[in-house]
Amino acid sequence: MAIIKPFKGIRPPRNLVEQVESRPYDVLDSEEARAEAGDNEKSLYHIIKPEIDFPVGTSEYDPRVYEKAAENFQKFQDKGWLVQDDKEHYYIYAQTMLPTSSYCPADAPQGKTQYGLVVCAHTDDYQKGNIKKHELTRRDKEEDRMKHVRVNNANIEPVFFAYPDNKVLDELIMRYAKTEPEYDFVAPVDGFRHQFWIIDNDQDTATITAEFAKMPSLYIADGHHRSAAAALVGQEKQKQNPNHKGDEEYNFFMAVCFQASQLTILDYNRVVKDLNGLSSEEFLAALQVNFTVTDKGTEIYKPQQLHEFSLYLDQHWYSLKAKEGTYDNTDPIGVLDVDISSRLILDEILNIGDLRSSKRIDFVGGLRGLGELKRRVDSGEMRAALALYPVTMQQIMNIADSGKIMPPKATWFEPKLRSGLVIHKLV
């Protein structure tokens, strides 16, 4: 069973939300955050990227930077830019990829809305494996987020969970969606619409808690390091409290939970700097061992099905269909196109074995469209590009259930959660 609870969210007043809210800390660098914050002293970047308050070049891991985060968090509360609700609530957060957004390519899933429930999940569920992960975490990144949670004594940003579809919760959410939201704005940069409702009915709150209690598992979609950090800080606080009972606020961390079928996972594509000494003709010939290769001409070609890839090389697009026997449909990892392409193209032909460290490869999120792949190859920066068919949420859940780990750079969730709509204090 999944243990969740409502919480007294710390939120910006309605008239300030667009000044406070921001992109997540890990999707932009320090200088991008500095530029986006500009002269806006209310921007959440002063809490989640506080190095922007120091001279250019100051490390985001400098101890003074973490101290500044806590100082700014308190300042935001003192000035009324963030205010704590006087009652525990669940919240609803909706995201819509608007057709008018210039940020979206034509082939992005525009106009679709996904609705998430903002809850507090229990750190014990993470430790026991009831909150399931599909990616490896790095200790240095965990430690960074742990420091941020410790110094603020709060989860400033939520993690992104998925849960199995649930009719009762869907109907409850849709009922609120017909009412006026607390927040409703189109964010700069991403161009997506973000809406936020407060669940203030005690019976609805009880229903949400009860329905989650029926779920055997929740699944981390995005935010593996934040989840690990929250769980580790919770463990620390448990050990420090001789009267620990298990229901203290530090046992919980903030998550936005979406129904699995609503989530959009975009393709996560690859561009390579060289062909490992092969000519174009030799590379195409090597591909024909494991793939049916078809020249699709000069017009952009997107993979149409599982186990089909698009290759862009010498201003031509090719369809690569993996041959029978090159993958295992019964293996949750072996069935993945990221595994097929890594094994049979990147490793076997191009000798790119470690995707995390190789300087010969880069990755392009699907939101940028296949035109971005073409641009980077045509510019001469890259030699070739490989477009993949997107991973499905069901595949991710199957892998998490099996206890296995996804290959690196396999998933690209969009839209990203905006930060600053609500914060969870650990006290």
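The values are calculated or read from the model by the stated rules, or taken from the named source; none is laboratory data. Quick caveat: nothing in here was measured; it's all calculated off a predicted structure. When we count neighbours, we look across all protein chains shown, and the Cβ atoms used for this are built from the backbone with ideal geometry, even at glycine. For the accessible areas, the whole protein counts, side chains as well, though only heavy atoms, and no ligand, DNA or RNA atoms are used. Shrake-Rupley method; radii C 1.70, N 1.55, O 1.52, S 1.80 Å.
What to note about this one:
- Evaluated with a Cβ-only charge set (Lys, Arg +1; Asp, Glu -1), the chain carries a dipole of roughly 400 debye about its Cα centre, given to the nearest 20.
- Estimated [θ] at 222 nm from DSSP helical runs (n ≥ 4, -39500 (n - 2.57)) normalised by residues in the chain, nearest 500: -8500 deg cm²/dmol
- Efficiency of FRET between Asp354 and Asp274 - r from beta-carbon atoms, R0 22 angstrom, step 0.05: 0.85
- Share, in percent, of DSSP beta bridges within the chain that are antiparallel, nearest 5: 90
- Ranking Met174, Trp197, Ala228 by Cα position along the charge dipole of region 152-287, where only Lys, Arg, Asp and Glu carry charges on their C-beta atoms, puts Ala228 farthest toward the positive end.
- Rounded to the nearest 10 degrees, the inclination of helix 224-240 to the longest alpha-carbon principal axis of the chain is 40 degrees.
- Computed from Cα positions, the angle between helix 393-402 and the longest principal axis of the chain comes to roughly 80 degrees.
- Calculated accessible area for region 53-175 comes out at 46 Å² per residue, all protein chains present (probe 1.4 Å; ligands, DNA, RNA ignored).
- Among the protein heavy atoms of the chain, carbon and sulfur supply 47% of the accessible surface, probe 1.4 Å, non-protein parts ignored.
- Note on region 41-178: Lys pairs 8 or more places apart or on different chains, Cα atoms under 18 Å apart, count 12.
- Positive-end extreme of charge dipole, region 225-360 - chosen from Thr330, Leu311, Phe258 (charges on Cβ): Phe258
- With Cα atoms, 0 to 90° folded angle of helix 202-213 axis to the chain main axis: 40
- Size descriptor for region 27-98, Kirkwood hydrodynamic radius: 13.9 Å (Cα pairs only, one decimal).
- Lys112 paired with Asn40, simple spin-label distance in nm, labels 7 Å along Cα-to-beta-carbon: 2.7
- Sites Thr330 and Ile405 - FRET efficiency at Förster radius 22 Å, r taken between beta-carbons, to 0.05: 0.75
- Global geometry of region 1-123, whether rounded, prolate or oblate, following the gyration tensor of its Cα atoms and the 1.5 cut on a/c: oblate
- Taking a ≥ b ≥ c as the square roots of the Cα gyration tensor eigenvalues, region 144-229 comes out oblate, since a/c reaches at least 1.5 and a/b does not exceed b/c.
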